[in-house]
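Chemist: The following block contains the structure, expressed as structure tokens.
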Amino acid sequence: MGRAATSLGKLLVWVGLVVLGYRYVPWSQLPGYYRPLALVAAGLLMVAAGVAKPRVESLAAREAISLAAVAALAVATAAFISLLASASTGIWLPGPYQASKTRTLSESLEGVSELRIEVSGVSCDIRVHSWNRSEVVVNVTAYVRGASDPEAALRKLLSSIRVDSSRSDGTLRIEVKEEAQRYFWWWVASHIDVDVYVGNITSSIVAEAVSGDMEVELARGSVKLETTSGSIRVVGGMLEHVEAKAISGDIRVEGFASRIAASTTSGDIRVRLKPAGDCVCELKAVSGDIDVQIAGDHSVGCKVRLETMSGSLRADVPQMRLTVDESRRKVGETAGFDDKPIKVEVSAETTSGSISVEAPGG
């Protein structure tokens, strides 16, 4: 009887933890790899508990190990259910998306030196386009799936958009801060597309999102983009500074900027540079390749510093003189670098991946 009561108690603990873990852990807002990672970690913990329990003599210690294993199993179950729900194409949730709705915002650019877009709590793709009007127009399209009342869910999602047009510090802020919605057991899947048409802004555009792709096309100014899970693409004419950060996603920069700083944990970095002046590129990847192509003629001088822990290095640059030429590290510069009209410096590091730099005539 005592053993049965203990087993029933553990079952109730497991059920309670599964409910809490699924309903109150925002799985849908976390990067995609969190759920598989939780499954693996829980599995390892259960294996460790199974190995340790027979070797412990204390009854209290054994029960503590058993409860730890139950908790790990509950976490794995909650993550697995969430994974099934998010991967559903109509079995668990009526989808893909049930409904969509667009909201348009328009603001003058008078007194604006920085446009800042901040999105949290919802998957979001951001696209910024330049045009010749002295205003900024934002089209926000919201999508939902799995809601009992899709129209109400859309209204709630679009009502989370805030525009701070006070411009007290020269910044025009567009914020989307959404709390996850649920319909009974399941999460309500939601997504937002933000299309920004911006006029003659000569300072900077800043965009931050947890999950989603970003694309910016800008003639001049500076760009700072950051996303946890998603790709980044920047196309520029005469940009001053490009800063791009991604945890999981590729980064691509095209055009010219005086300084390019790009980093990603899991993803590739591609730079297609058209030098119109001196440029410094600082590129870092943990797991991914880095590829730099520099257009122009022999008036462009290049200085490179390339490092990798696991991968190949290639510096296809005419008249390159390497002071360090190793399989995992290369340092050098074009002959007569200091006298070149245009100077490009490339610093690239990757832990697991290859690096390639190609310059005119290479």
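The values are calculated or read from the model by the stated rules, or taken from the named source; none is laboratory data. Bear in mind that the values here come from a model prediction, so they are computed numbers and not experimental data. For neighbour counting, all protein chains shown are included, and Cβ atoms are generated from backbone atoms with ideal geometry for every residue, glycine included.
Chemist: How many of the residues making up the stretch 176-208 are modelled with pLDDT of 65 or more, assigned to a strand (DSSP E or B) and closer than 17 Å to Tyr143 by Cα?
Modeler: The number of residues fulfilling the criteria is 9.
Chemist: Return yes or no: is Val280 closer than 29 Å to Lys340 by Cα and surrounded by fewer than 20 Cβ atoms within 10 Å (Cβ to Cβ)? Steps first, answer last, please.
Modeler: Values: closer than 29 Å to Lys340 by Cα: yes; surrounded by fewer than 20 Cβ atoms within 10 Å (Cβ to Cβ): yes.
For Val280, the condition - closer than 29 Å to Lys340 by Cα and surrounded by fewer than 20 Cβ atoms within 10 Å (Cβ to Cβ) - is met.
Chemist: Quick check: anything in the stretch 162-170 at pLDDT 80 or above and surrounded by 15 or more Cβ atoms within 10 Å (Cβ to Cβ)?
Modeler: no
Chemist: How many of the residues in the stretch 313-341 are in contact with a Gly (Cβ under 6 Å, 6 or more places away or on another chain), of a type in the set (Lys, Arg) and either outside any strand (DSSP E or B) or free of Cβ contacts under 8 Å to residues at least 12 places away in the same chain (or both)? Walk me through it before giving the result.
Modeler: From the stretch 313-341, those in contact with a Gly (Cβ under 6 Å, 6 or more places away or on another chain) are 316-318, 320-323, 334, 337, 340; that's our starting set.
So of that shortlist, the ones also of a type in the set (Lys, Arg) come out as 321, 340.
Right, trim to either outside any strand (DSSP E or B) or free of Cβ contacts under 8 Å to residues at least 12 places away in the same chain (or both) and you get 340.
Total satisfying the criteria: 1.
Chemist: Would you call Ser266 polar (S, T, N, Q) and at pLDDT 90 or above? Walk me through how you get there before you give the answer.
Modeler: Details: polar (S, T, N, Q): yes; at pLDDT 90 or above: yes.
When the stated conditions are applied, Ser266 passes them.
Chemist: Among the residues of the stretch 72-92, is any within 27 Å of Thr228 (Cα to Cα), at pLDDT 80 or above and not aliphatic (A, V, I, L, M)?
Modeler: yes
Chemist: Search the stretch 108-125 for residues being buried (at least 18 other Cβ atoms within 10 Å of the Cβ) and not hydrophobic (A, V, I, L, M, F, W, C), and hand back the single one that is modelled with the highest pLDDT.
Modeler: Asp125
Chemist: Here is a follow-up. For the stretch 324-357, enumerate the residues that are of a type in the set (A, V, I, L, M), surrounded by fewer than 18 Cβ atoms within 10 Å (Cβ to Cβ) and either in contact with a Pro (Cβ under 6 Å, 6 or more places away or on another chain) or within 18 Å of Lys274 (Cβ to Cβ) (or both).
Modeler: Let us first name the residues in the stretch 324-357 that are of a type in the set (A, V, I, L, M), namely 324, 331, 335, 342, 344, 346, 348, 355, 357.
The next check asks that each one be surrounded by fewer than 18 Cβ atoms within 10 Å (Cβ to Cβ); those that pass are 324, 331, 335, 342.
Passing the criteria: only Ile342.
Chemist: Related question: Please determine, by comparing only the residues of the stretch 192-204 that are more than 16 Å from Val176 (Cα to Cα) and buried (at least 18 other Cβ atoms within 10 Å of the Cβ), which one is farthest from the chain's Cα centre (by Cα).
Modeler: Just the residues of the stretch 192-204 that are more than 16 Å from Val176 (Cα to Cα), to begin with: 197-204.
Narrowing the set further to residues that are buried (at least 18 other Cβ atoms within 10 Å of the Cβ) leaves 198, 201, 204.
Values: Val198: 23, Ile201: 25, Ser204: 20 Å.
The qualifying residue farthest from the chain's Cα centre (by Cα) is Ile201.
Chemist: Can you confirm whether Thr265 is under 30 Å from Gly212 (Cβ atoms) and surrounded by fewer than 16 Cβ atoms within 10 Å (Cβ to Cβ)?
Modeler: Values: under 30 Å from Gly212 (Cβ atoms): yes; surrounded by fewer than 16 Cβ atoms within 10 Å (Cβ to Cβ): no.
So Thr265 does not fit the description; no.
Chemist: Now for a different question. Given the conditions (1) of a type outside the set (Phe, Trp, Tyr); (2) at pLDDT 80 or above; (3) surrounded by fewer than 19 Cβ atoms within 10 Å (Cβ to Cβ), report the number of the one that Val128 does not fulfil.
Modeler: For Val128, the failing item is (3).
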